[in-house]
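Asker: This is the structure I want to talk about, given as structure tokens.
Values in this text are rule-based calculations from the coordinates and carry no lab data. Keep in mind the model is a prediction, meaning the values are calculated, not measured. As a convention, Cβ positions derive from the backbone with ideal geometry for all residues, glycine included, and neighbour counts pool all protein chains shown.
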Amino acid sequence: MIVERINESLQKRKEGDNENAAEQAVYNLLTECGFTIGHTGGGCTAWALEFPNCEVMLSQDSGHIFDPEYMDYCGVSVGVYADCSPAWEDGTTEYADIPKLVCLALIKAMNYRPEEEVKMSGDLTAVDTLSDCYAQMLEHNFGGVGVMASADELLIAHGADMTEKQRAALSAFIVFWEALFDLETETYKKEGEK
């Protein structure tokens, strides 16, 4: 039924002589990734993919059709939402950037753990120190590659521009960061139970 709605929607676009190859490529990608068109309330629709603790959604001006006429001033919003609240959001006015944002959203959704929202003490943690190391690593070893808020975003957005050693270092950093964060979260939970 979902595929029929997508095909019907796309057929209407073709009949209206508004077929756009980039737009169609985005719909194909979303369909292949398992996204479906869902109602978000108030007559609005979005492309959505459910995860255990959150949902990835894409829309343009509260709809699932990414109309070329509206790309310049509306763009496409991509976000990860948990309990109707954004855990991460971004947007673009370029069809070519949508797959990159979808990848970032999927990573955010796969790694989203509400239990990690537990408030930690104000003490300086190893993760805080690692954040400083990350900033220094970017400054000294990744000049000109690009600046992103997180290592996984940097790897996805600019991995093709990196040397093999830069990609390897960043990948190892991401694994270490996640392991350290999990360890610190566990430690703080145990301390909170005492």
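Asker: Label point 7 Å out from Arg113 along Cα-to-Cβ: which residues of segment 39-81 have amide N under 20 Å?
Answerer: What the label zone holds, given the 20 Å backbone N cut-off, is 51-56, 80-81.
Asker: Also, quick follow-up: Can you tell me how much longer the chain between Thr129 and Tyr73 gets when fully stretched, taken as 0.36 nm per residue apart minus their C-alpha distance, in nm with one decimal?
Answerer: Full-extension gain reported as 16.1 nm.
Asker: Which order do peptides 92-105, 31-44, 60-73 fall in by mean Cβ count within 10 Å, highest first?
Answerer: 92-105, 60-73, 31-44
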